[in-house]
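Please read the structure below before turning to the comments.
The values are calculated or read from the model by the stated rules, or taken from the named source; none is laboratory data. Please read these numbers as outputs of a predicted model, since none were measured by experiment. All Cβ positions, glycine included, derive from the backbone under ideal geometry; neighbour counts span all protein chains shown. Just so you know, the surface numbers come from the protein's heavy atoms only, side chains and all, with ligands and any DNA or RNA stripped out. Shrake-Rupley method; radii C 1.70, N 1.55, O 1.52, S 1.80 Å.
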Amino acid sequence: MDCKSRSSTCIAPINIAVIKYWGKSDEEQIIPLNDSISITLDTDYMFTKTTATIGPEFTQDSIVLNNEQGSGDGVRFQNCLSEIRKLAASSKHSSTVEKSTWKVAIVSENNFPTKAGLASSASGYACLVFTLAQLYELESHQSELSALARRGSGSACRSLFGGFVRWFHDSQPCIARPIAEAEHWPELRCLVAVVSNTSKSVGSTEGMRRSAETSKLLEHRVKHVVRDRIEDMKMAILEKNFVKFAEITMRDSNQFHAICLDTYPPLFYMNSTSQAIIQLVHRYNQIRRSIKVAYTFDAGPNAVLFLEQAEISRFASVFYSVFGSTPHDQFFRGKVPD
Ligand code: 2P0
């Protein structure tokens, strides 16, 4: 390899939306119809690891994703690259300007099922943008990188920040910003129940396009529901009010999947195991006489369960007795369980 070649390796975590993003007002720029709120998981668990190499000897951009050769000329990949290169070309450092013209080789890997509704594109594009920024030694602010990651995949703009994050649909530029750091609510934990490893049949981009075109419920959600829900969720997080947080999380997941069903032809992301998990959580909360556990499902059947630290062992054993396996413990702060 030419001695001028340089590499950089980074990891980026997934984020789980508690107020969902579903539908765009601008497909090309990836501008969402509504604000969303998510929680970025700790990097010790589910993450994407990306190595980017640039060198004058490379003749084309290339990408290998989970050991499979991808298409280096994919529109979103190229959108991210060209934005990063523009920044590099306007750098005051001549070495960065020189590197902005070189082709790039990307090798990226997820340590969890890809395209199974576990936010792999979020961590994937956040990691790509962050790794390239390191490689070009850009002095960009995190919010600038958030806007770049958005051009790869909408939800990726949220993974540039840790903790509790809000993506604004009408900010200029359209970016995510933190609401609170992960350390703000250390008792809040999340369990991931992988119901299926298989890729979804209709991807999120196509699914949300179809919903935006056909679902009246999505129209109603954007006009009459999300704005208040965003404010309520923000307060629940800032107040560390688990009961409020949990109810809004479940209601928003349910409304998202109702929109999927209201889409024509309909989208089915959850399966019968997902529905059994929903029933179990409601029954568990009923028996505990308070909301102790919340579920949320993205564009796939896998469940993400939120609960406070004190509830984990009790709930995990009930879950095990019903499903014969325990959901994986995920942490926001890489803390070892007590
Ligand atoms: C979310 N999801 O807020 C919602 C909930 C899935 C359900 O963001 O077209 O992969 O690349 O912007 O970011 C999935 O959408 O879609 C998603 P594009 P993306 O997390």
The lone condition TRP102 fails out of (1) among the hydrophobic types (A, V, I, L, M, F, W, C); (2) touching a strand residue (DSSP E or B) at 6+ places or on another chain (Cβ under 9 Å); (3) open to solvent by 20 Å² or more (accessible area, probe 1.4 Å); (4) within 16 Å of the ligand (Cβ to nearest atom) is (4)
Surrounded by fewer than 24 Cβ atoms within 10 Å (Cβ to Cβ), under 15 Å from LYS86 (Cα atoms), touching a residue at least 60 places away in the same chain (Cβ under 8 Å) and of a type outside the set (Gly, Ala, Ser) - does that describe any residue in the range 111-124?
no
Looking only at the range 323-336, decide whether some residue is more than 16 Å from the ligand (Cβ to nearest atom), modelled with pLDDT under 95, in a helix (DSSP H, G or I) and within 28 Å of PRO186 (Cβ to Cβ).
yes
Quick check on my filter: what residues within the range 83-98 are open to solvent by less than 60 Å² (accessible area, probe 1.4 Å) and under 20 Å from ALA149 (Cβ atoms)?
GLU83, ILE84, ARG85, LEU87, ALA88, ALA89, SER91, THR96
What number of residues within the range 1-27 are open to solvent by 20 Å² or more (accessible area, probe 1.4 Å), within 11 Å of the ligand (Cβ to nearest atom) and not in a strand (DSSP E or B)?
2
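Can GLU137 be described as open to solvent by 10 Å² or more (accessible area, probe 1.4 Å), away from the ligand (no atom under 16 Å from the Cβ), closer than 30 Å to LYS240 by Cβ and touching a residue at least 40 places away in the same chain (Cβ under 8 Å)?
Working: open to solvent by 10 Å² or more (accessible area, probe 1.4 Å): yes; away from the ligand (no atom under 16 Å from the Cβ): yes; closer than 30 Å to LYS240 by Cβ: no; touching a residue at least 40 places away in the same chain (Cβ under 8 Å): yes.
It is false that GLU137 is open to solvent by 10 Å² or more (accessible area, probe 1.4 Å), away from the ligand (no atom under 16 Å from the Cβ), closer than 30 Å to LYS240 by Cβ and touching a residue at least 40 places away in the same chain (Cβ under 8 Å).
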Requiring at least 2 residues that are more than 25 Å from ALA176 (Cα to Cα), the helices (runs of 4 or more DSSP H) wholly within the range 37-149 are 94-99
For GLY203: the one exception among (1) closer than 30 Å to THR263 by Cα; (2) open to solvent by less than 30 Å² (accessible area, probe 1.4 Å); (3) in contact (Cβ under 8 Å) with a residue 60 or more places away in the chain
(2)
